[in-house]
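The values are calculated or read from the model by the stated rules, or taken from the named source; none is laboratory data. Being a predicted model, the structure only gives us computed values, none of them experimental. Cβ sites come from the backbone with ideal geometry, for glycine too, and all protein chains shown count toward neighbours. Ligands, DNA and RNA are excluded from the accessible area calculation, which covers all protein heavy atoms including side chains. Shrake-Rupley method; radii C 1.70, N 1.55, O 1.52, S 1.80 Å.
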Amino acid sequence: MERWLALELASTIRHDGDGGVADDLASVEGVTRWVEAQAESLSGQVHIRELSVDEALRSEIVALRQAVRALFARAVSPAPPSPADARRLMPVEEALAYLNSVAARESVVPQLDWPSGGAPAVRLVSAEGDPAVRLLAALARAAVDFLSGPHRDRLRACSAPRCVRYFVKSHGRQEWCKPSCGNRARAARHYQRQRQATDGGPAAS
């Protein structure tokens, strides 16, 4: 299953299973666990074993997530954004400025690798020594790449009750981020039709 680092960051706000919203980045320990889980996506960009997460870094990652989710809401417009964002969206211009400023914190230069008997490839080389700066910049660049790439047009906010996730649509009729959300949405529709029928109102189609 394809994964996108920007979407993984946005998905650190999620339904908690009890009708509320959980935040995987609510603590330094939570951020540490999340970053370690992204080791494969961050490979070659961040030396995770050298990284020490503190409250300042946690706050900056949370602010970056806020900017990314604001731009995700713009991407899915005119459809509704995630209900987790509807009342507290960062203004788009502010989100763009913040995302671009974080991406610019790390200077990287392209270098050509061309192994004997292999194909040439480009890798980005950084002179930045602070792993925290490298992490933030890598997360911001991932969001820039995602929002400027072909997957943006397939980005959707899950329409299932209580879900707050965004997802990339993989087929034409997909409405939900995962099967359990589809089951919950269908159950809610069935309940609504039964209630309307019991109340004597028109049944929903």
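Based on Cβ point charges of +1 for Lys and Arg and -1 for Asp and Glu, what charge dipole magnitude is obtained for the chain about its Cα centre, in debye rounded to the nearest 20?
On the way: 27 positive and 24 negative charges, 252 e Å.
Charge dipole, the chain, about its Cα centre: 1220 debye, nearest 20.
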Cysteines having no other Cys beta carbon under 4.7 Å from their own, within the chain: 181
Surface accessible to a 1.4 Å probe, residue 24 within the full protein complex, Å²: 50 Å²
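Between residue 88 and residue 40, what length in nm is gained on full extension when 0.36 nm per residue of separation is reduced by their alpha carbon distance?
On the way: separation 48, 0.36 × 48 = 17.28 nm, distance 3.15 nm.
Working it through step by step, the gained length comes to 14.1 nm.
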HN-Hα J in Hz across segment 45-60 - Karplus 6.51, -1.76, 1.60, θ = phi - 60°, x for Gly and Pro: 10, 9, 8, 4, 5, 8, 8, 10, 7, 10, 5, 5, 5, 4, 4, 6
Per residue value of the accessible surface for the chain (all protein chains in place, 1.4 Å probe), Å²: 59 Å²
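Between residue 55 and residue 2, what length comes free when the chain is fully extended (0.36 nm per residue of separation minus the Cα-Cα distance, one decimal in nm)?
Values: separation 53, 0.36 × 53 = 19.08 nm, distance 3.06 nm.
Roughly 16.0 nm would be gained on extension.
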Carbon/sulfur fraction of accessible area - segment 10-116, other protein chains in place, 1.4 Å, %: 50 percent
Farthest toward positive dipole pole in segment 99-164 [+1 Lys/Arg, -1 Asp/Glu at C-beta], among 125, 150, 104: 150
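Provide the gained length on full extension for the span residue 122 to residue 26, in nm with one decimal, where the gain is 0.36 nm per separating residue minus the Cα-Cα distance.
Numbers: separation 96, 0.36 × 96 = 34.56 nm, distance 3.65 nm.
Between residue 122 and residue 26, full extension yields an extra 30.9 nm.
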